[in-house]
Structures are given as structure tokens and as C-alpha cells.
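Right, one structure below, let's go through it.
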Amino acid sequence: MRIDIITVLPELLESPFSHSIIKRAIDKNLVEIHVHNLRDYSTDKRHRRVDDYPFGGDAGMVMQIEPIFAAINHLKSERNYDEIIFTSPDGEQFSQKEANSLSLKENLLILCGHYKGIDHRVREHLITKEISIGDYVLTGGEMAAAIMTDAIVRLIPGAIGDEQSALSDSFQDNLLAPPVYTRPAEFNGWRVPDVLLSGNEKLIKEWQMEQSLERTKRLRPNLLND
Ligand code: SAH
């Protein structure tokens with residue numbers, strides 16, 4: 001799999017992909033992540049500007065269509081993209097289901113917005129999918145791109161050591177994960193549930209399923225209706 005990200009702030013995306021599971025997935029050649037500086041595609045070679053004042057005289061700056069068009073076209077000339085995603089607070093809300101589906105794709109392109117937003121013609125003509133990471137407004141799409149990439153990459157087979165582990169995470173099967181514990185079995189008088197120490201795999205599985213259902217009913221009942 002390959003993920004390309006277009007941004008005005010490539011520095012913001014250096015750390016998220018340089019550690020832990022995502023770094024290991026890159027090292028194992030399970031995924032390639034390429035971050036592109038939109039300013040490299042600016043028509044203004046001197047100041048490398050990529051934004052301009054909005055028509056209609058609103059406050060804030062708007063990202064221009066020319067550099068975005070040039071960047072997307074350059075990348076598209078090298079490979080086909082399954083999706084060209086724009087991060088946007090008014091997009092479809094990102095979910096584990098979406099992460100599962102995107103993790104099966106070969107090439108994804110993510111465009112990060114900044115400032116007041118991007119020239120709407122980009123969204124009308126160049127973007128195939130718009131994704132929000134939640135009902136709040138960020139200063140830019142970089143964190144959203146990092147969050148989506150993280151959620152997608154950890155689902156690629158081999159990215160997580162124990163593959164079962166991703167399957168039993170919250171939201172897979174519309175259930176929240178059961179609680180987990182580790183040693184010591186007793187701390188401060190607080191004991192780990194006896195069943196987990198019983199060694200009885202069947203009872204443990206049943207307990208975990210009950211806990212998942214109970215937690216989902218109590219904390220996120222909407223998942224059970226989906
Ligand atoms: N004026 C816009 C917000 C611009 S915020 C509006 O009211 O909708 C600047 C950029 O940050 C956006 O273009 C988008 O790319 C990114 N962004 C902000 N909030 C986001 C969110 N919740 N999810 C994904 N991207 C977001």
C-alpha cells in the first residue's frame with residue numbers, strides 16, 4: 001500500500017510516522033508514506049505562495065486551486081489512486097469501518113486543508129472522498145491525515161505483531177473491547193477478575209464477550225443499532 005499526503009506543513013507529519021507500529025510497517029515494506037510540500041507546486045516561484053484572499057471579502061485566506069491541481073496531477077501521472085481524500089470538518093465522519101475499507105486499497109492520496117479552507121472547485125472536481133475526524137475545527141488537516149493513516153496502517157496484515165489483536169479492538173464487529181489486565185494479579189487489594197486467572201479458555205472468551213456487550217450497551221448503545 002502507498003499513501004501520499006499533500007500539505008503546506010510537511011514538518012508536522014515527520015514524527016507521527018517515525019515511531020512504533022507505523023514505523024515498523026514502513027520498515028517491513030507493508031506501506032510507503034510520502035509527504036509532499038504543496039509549496040513545491042506554487043506558481044509563485046519566489047515566495048512559494050499557495051493561498052490568496054477569498055472572493056466576496058471574507059476573513060482568512062483560501063488555498064488556491066493551481067498548486068493543488070498541479071500536485072494532484074503530478075502524482076496521478078505516476079500511479080492510479082483509489083481515493084483522493086480531502087480532510088474536512090464537513091466531510092463524512094471517519095470510523096473503524098472506513099479505516100477497514102481504506103486499508104484494503106493500494107494507493108491513497110490525502111490532501112490537507114489549511115487556513116480558511118481550499119478553493120471549492122478542488123472539492124468539486126478533484127476530490128473523490130471528504131473525511132472529517134470529528135465535529136470540531138482544527139487549524140489544518142495534518143493531524144487528521146496522521147490519525148487516518150495511523151488507523152489504516154495498523155490494519156494492514158503484518159503491521160501488528162499479533163494479527164488477532166487488531167480484530168479484537170473496539171468497533172470491529174460494532175462492539176467495544178473488553179477490559180484488559182496484566183500482572184500483578186492483586187495490587188493495593190484490587191484484584192483482577194478471577195476468571196482471567198482460571199486458565200479456562202472457554203470461560204474467558206465468554207466473560208470477554210459479556211463484558212464487550214455490557215460496555216457497548218452502557219457506553220455506546222448506538223453501535224448495537226447499527
Ligand atoms: N473554514 C472551514 C474550516 C477550516 S479549518 C470550515 O468552517 O469548515 C482548516 C483545514 O483544517 C480544513 O480545510 C481541513 O482540511 C482541516 N480540518 C479542520 N477540522 C477538521 C476536521 N474535524 N477533520 C478533518 N480535517 C479538518
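The values are calculated or read from the model by the stated rules, or taken from the named source; none is laboratory data. Since we're looking at a predicted model, the values are computed, not measured. Because the Cβ atoms are built from the backbone with ideal geometry, glycine has one as well, and the counts that use them run over all protein chains shown. Accessible surface is based on the protein model in full, side chains and every heavy atom, while ligands, DNA and RNA are left aside. Shrake-Rupley method; radii C 1.70, N 1.55, O 1.52, S 1.80 Å.
Quickly run through segment 23-40 and pick out the residues that are free of Cβ contacts under 8 Å to residues at least 40 places away in the same chain and open to solvent by 50 Å² or more (accessible area, probe 1.4 Å). Can you show your working first?
Filtering segment 23-40 down to residues free of Cβ contacts under 8 Å to residues at least 40 places away in the same chain leaves 23, 26-27, 29, 32, 34-40.
Passing the criteria: K23, I26, D27, N29, E32, H34, V35, R39, D40.
For segment 31-54, the tally of residues that are away from the ligand (no atom under 15 Å from the Cβ) and not in a strand (DSSP E or B) stands at 12. Output the qualifying pairs, or none if there are none: Cβ atoms under 7 angstrom, residues six or more apart or on different chains, first residue in segment 86-99 and more than 10 Å from the ligand (Cβ to nearest atom), second residue open to solvent by 10 Å² or more (accessible area, probe 1.4 Å). That search, which allows pairs on different chains as well, returns E92/E130; Q96/F171; Q96/Q172; A99/A151; A99/L155.
Yes/no per residue for (1) near the ligand (Cβ under 9 Å from one of its atoms); (2) touching a residue at least 60 places away in the same chain (Cβ under 8 Å):
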residue: H114; (1), (2): yes, yes
residue: G117; (1), (2): yes, no
residue: V122; (1), (2): no, no
residue: I133; (1), (2): yes, no
residue: T139; (1), (2): yes, no
residue: A145; (1), (2): yes, yes
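Here is a list: E142, E124, E206. Which entry is at negative phi and not assigned by TED's automatic domain parsing to the domain that holds M63?
Numbers: E142 fails: not assigned by TED's automatic domain parsing to the domain that holds M63; E124 fails: not assigned by TED's automatic domain parsing to the domain that holds M63.
When all the criteria are applied, what remains is E206.
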